[in-house]
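Participant: Before I ask anything, here is the structure I am working with.
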Amino acid sequence: MRGTWEEAGWERLGAGVARRRLPGWDATVGVVAGSSGVLIVDTGADLREGAALRRSIRGVLGRDVTHVALTHPHFDHVLGTAAFAGVRVYGVAGMDVLLARQKDEMREDAVRHGADPDAAAEAADLLVRPRHPVRGETTLDLGDRRVVLAAVGPAHTAHDLAVLVPGEAGEPPIVFCGDLVEESGEPQAGPDAVPAQWPAALDRLLALGGEDAVYVPGHGAVVDARFVREQRAELARRFGVSRS
């Protein structure tokens, strides 16, 4: 007998849509289920975490993930991908080349942030690159529902992807933001960030989801459009970007 999302440790966001905040780095993973396909948004920080997510989703839905969308190329969001065998993996165009080139750097970054060295090395060695590049927008058909993948960066990285789940039956749209938006702390701008373009990326994110959407940050609690606008204004002040 299958359980509910809540019983399996997920937060239900809408019909067939849920998310989980993972331990360790509080990274968000999302799932969208249609009649003929299941999408997971990000895959965790290592193979064990990815495998646990795969089993949990199967336990609720009774079927396996068919599609993976990677919101950006940071270890806590992508190193679990190899646990999902035979799926279609999507990322912003150019992310595949980046992951191939920076596999060792990603392993080192994971260890520097407290990951188990052996688990990080294994996940980096088996790192799965996205073979389905997203340029502009790509629509996935999951059967009775469609999901839009949108390249809205650069911002937090050069390869930022947002995932729009259009609203159904009176429910609001849901937008998985990756680390373009963070609620549990201020957005992190590392060496691969493009700060000057971050506010414009959030403008595109807001245009994608609209005023009534539920916005799901890469880290932290679910927020609304007002929160995203306020974070956009703060980032513009922080990075000295004026609205054109």
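The values are calculated or read from the model by the stated rules, or taken from the named source; none is laboratory data. Just so it is clear, the model here is predicted, and its values are computed rather than measured. When we count neighbours, we look across all protein chains shown, and the Cβ atoms used for this are built from the backbone with ideal geometry, even at glycine. Surface areas here come from the heavy atoms of the whole protein model, side chains and all, with no ligands, DNA or RNA. Shrake-Rupley method; radii C 1.70, N 1.55, O 1.52, S 1.80 Å.
Participant: How many Å² of accessible area per residue for the chain, probe 1.4 Å?
Facilitator: Using a 1.4 Å probe on heavy atoms only, each residue of the chain averages 44 Å².
Participant: Using a 1.4 Å probe on the protein heavy atoms only, what accessible surface does residue 128 show? Give it in Å² to the nearest 10.
Facilitator: Roughly 50 Å² of residue 128 is accessible to a 1.4 Å probe.
Participant: Would you check the accessible area of residue 36, probe 1.4 Å, heavy atoms only, in square angstrom rounded to 10?
Facilitator: My reading of the accessible area for residue 36 is about 80 Å².
Participant: Evaluate 2.2 N^0.38 Å with N set to the residue count of region 34-133, then give the Cα radius of gyration divided by it. The partial results should precede the final answer.
Facilitator: Working: Rg = 13.0 Å, N = 100, 2.2 N^0.38 = 12.7 Å.
Rg over 2.2 N^0.38 Å, computed on Cα atoms: 1.03.
Participant: Mind checking which of 115, 50, 151 is farthest towards the positive end of the chain's charge dipole, using Cβ charges of +1 (Lys, Arg) and -1 (Asp, Glu) about the Cα centre?
Facilitator: 151
Participant: How much accessible area does residue 25 have with a 1.4 Å probe, in Å² rounded to the nearest 10?
Facilitator: That residue has around 80 Å² of solvent-accessible surface.
Participant: Right, next: Measure off, as a whole percent, the carbon and sulfur share of the 1.4 Å-probe accessible area of the chain, all protein chains present.
Facilitator: Numbers: 5090 of 10670 Å².
Roughly 48 percent, rounded to a whole number.
Participant: In whole percent, what relative contact order does the chain give with Cα contacts below 8 Å and a gap of six or more residues?
Facilitator: 15 percent
Participant: Something else: Under a 1.4 angstrom probe, counting protein chains only, how are 109, 104 ranked by accessible area, largest first? Spell out each step's value before the answer.
Facilitator: Numbers: 109 40, 104 85 Å².
The ranking, largest first, comes out as 104, 109.
Participant: For region 145-197, I need the span (max minus min coordinate) of the C-alpha atoms along each principal axis, in Å, sorted largest to smallest.
Facilitator: Reported extents, whole Å, longest axis first: 42, 23, 13.
Participant: Taking region 160-244 as the region of interest, what is the percent of Cα-Cα pairs per 10 angstrom bin, listed from the shortest bin to the one with the maximum distance?
Facilitator: Histogram of Cα-Cα distances, whole percents per bin: 18, 54, 24, 4, 0.
Participant: Specify whether the C-alpha gyration tensor of region 29-75 places it in the rounded, prolate or oblate class, a ≥ b ≥ c being the square roots of the eigenvalues: rounded for a/c under 1.5, otherwise prolate if a/b is larger than b/c and oblate if not. Walk me through the numbers on the way to the answer.
Facilitator: Details: a/c = 2.87, a/b = 1.40, b/c = 2.06.
Judged from the Cα gyration tensor, region 29-75 comes out oblate (a/c at least 1.5, b/c at or above a/b).
Participant: Based on the Cβ-Cβ distance of residue 237 and residue 169, what FRET efficiency does E = 1/(1 + (r/R0)^6) give at R0 = 35 Å, to the nearest 0.05?
Facilitator: The pair residue 237/residue 169 has a calculated efficiency of 0.35.
Participant: Classify region 79-129: rounded, prolate or oblate, from the alpha-carbon gyration tensor (a ≥ b ≥ c, eigenvalue square roots; a/c under 1.5 rounded; otherwise prolate if a/b is larger than b/c)?
Facilitator: Taking the square roots of the gyration eigenvalues as a ≥ b ≥ c, region 79-129 is oblate.
Participant: Another question, then. Find the all-direction average of the projected area of the Cα convex hull for region 1-90, expressing the result in square nanometres with one decimal place.
Facilitator: Projected over every direction and averaged, the Cα hull of region 1-90 covers 5.4 nm².
Participant: Please list 170-180, 135-145, 4-14 highest first by mean number of surrounding beta-carbon atoms within 10 Å per residue. Intermediate values should be presented prior to the final figure.
Facilitator: On the way: 170-180: 23.5, 135-145: 13.8, 4-14: 15.5.
Most protected by this proxy first, the peptides run 170-180, 4-14, 135-145.
Participant: Probe radius 1.4 Å, ligands and nucleic acids left out: which of 55, 238 has the largest accessible area, and how do the rest follow?
Facilitator: Accessible-area ranking of 55, 238, largest first: 55, 238.
Participant: I've got another one for you. Please compute one quarter of the surface area of the Cα convex hull for the chain and express it in square nanometres.
Facilitator: Averaging across all directions leaves 12.3 nm² for the Cα convex hull.
Participant: How compact and how long is region 121-177, expressed as Rg and Dmax of its alpha-carbon atoms in Å?
Facilitator: 14.2, 45
Participant: About its Cα centre, what dipole magnitude does region 1-53 give when the only charges are +1 on Lys and Arg Cβ and -1 on Asp and Glu Cβ, stated in debye to the nearest 20? Present the calculation step by step, with values, prior to reporting the outcome.
Facilitator: Numbers: 6 positive and 7 negative charges, 27 e Å.
It works out to roughly 140 debye.
Participant: Another one. Mean residue ellipticity at 222 nm from the helices of the chain, using -39,500 (n - 2.57) per DSSP H segment of n ≥ 4 over the full residue count, to the nearest 500 deg cm²/dmol?
Facilitator: The helix contribution divided over the chain gives -8500 deg cm²/dmol.
Participant: Sticking with this one: If we restrict to alpha carbons, what Rg and Dmax does region 99-244 come to, in Å?
Facilitator: In Å, with Rg to one decimal and Dmax whole: 16.5, 48.
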